[in-house]
Every structure is written in C-alpha cells, then in structure tokens.
1. Of the options Ala32, Phe65, Leu77, report the single residue whose Cα projects farthest towards the positive end of the charge dipole of the chain (beta-carbon charges: Lys, Arg +1; Asp, Glu -1).
2. Just want the ordering: Asp76, Asp7, from fewest to most Cβ atoms lying within 10 Å of their own Cβ.
3. Please identify the DSSP H helices in the chain that span no less than 24 Å along the helix axis (Cα) and have a mean Kyte-Doolittle hydropathy of -0.5 or more.
4. May I ask for the net charge around Arg62, where only other residues with Cβ less than 13 Å from the Cβ of Arg62 are counted and Lys, Arg are +1 while Asp, Glu are -1?
5. Quick one: compute a quarter of the convex hull surface over the Cα atoms of the stretch 1-69 and quote it in nm².
6. From the cross-link list Lys12/Lys38; Lys28/Lys83; Lys34/Lys83; Lys17/Lys38, which pairs have alpha carbons spaced over 24 Å apart?
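What follows draws every value from the coordinates through simple rules; no lab data is involved. For clarity, every value in this text was computed on a predicted model and none was experimentally measured. Quick reminder, even Gly has a Cβ in these numbers, built from the backbone with ideal geometry, and neighbours come from all protein chains shown.
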Amino acid sequence: MDWDKVDLAGVKAASPKTGKLSPLDLAKLIVASKLIRKSVMACIQTAVLVYLQRNWEESERRLSFEAKERGMSSEDLFSALAKGEIDLGDE
C-alpha cells in the first residue's frame with residue numbers, strides 16, 4: 001500500500017472508547033496500569049497499537065479484496081472508510 005496516496009483530510013480526530021468490560025477485566029486493567037505506572041488510557045493506547053501491529057497484514061489483505069470488488073484502489077477505499085464515507089456493514 002502506498003501511504004503517500006492515502007488522503008486522511010477529514011478523518012475525525014476522536015479517541016475511540018472501549019466496549020464495556022467486565023468488573024474483573026476492568027479491575028485487571030486498573031491494577032496492571034498501576035503496576036507499570038501508566039494511566040489506563042496509556043495502557044489502552046498500547047493495546048491498540050499492538051493489535052494493529054499484529055493484525056494489520058490481514059486487514060490489508062481484506063482491504064485489497066474489498067477494493068478490487070468495488071473497482072477502487074486500496075488507498076481510496078482506506079481513505080473512504082477512515083472518513084466514514086463508506087460503511088461495509090450496510091452492504
């Protein structure tokens with residue numbers, strides 16, 4: 001993928017929130033963050049970054065497949081999805 005061709009103008013800069021965690025999982029997150037002396041939000045940020053690093057290759061394959069199905073470049077579909085212009089769940 002050519003990141004120089006990706007248009008991110010108009011991508012909302014909101015921070016995503018987690019789904020509801022069980023009381024035990026929330027407590028584990030709080031304790032883990034305190035043990036490593038980081039905020040809960042810093043731990044969530046790290047978890048998201050690790051998830052992306054581990055799973056982006058598969059996501060990029062899916063992106064490429066979806067783009068080909070639509071007759072678009074991967075970069076254009078990436079931009080449209082990031083901006084909320086296309087929602088794959090509606091189709």
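1. Checking the options against the dipole of the chain, the answer is Ala32.
2. Asp7, Asp76
3. Answer set is 40-70.
4. That sum, taken over residues with Cβ under 13 Å, equals -2.
5. Over every viewing direction, the Cα hull of the stretch 1-69 projects on average to 6.9 nm².
6. Lys12/Lys38; Lys28/Lys83; Lys34/Lys83
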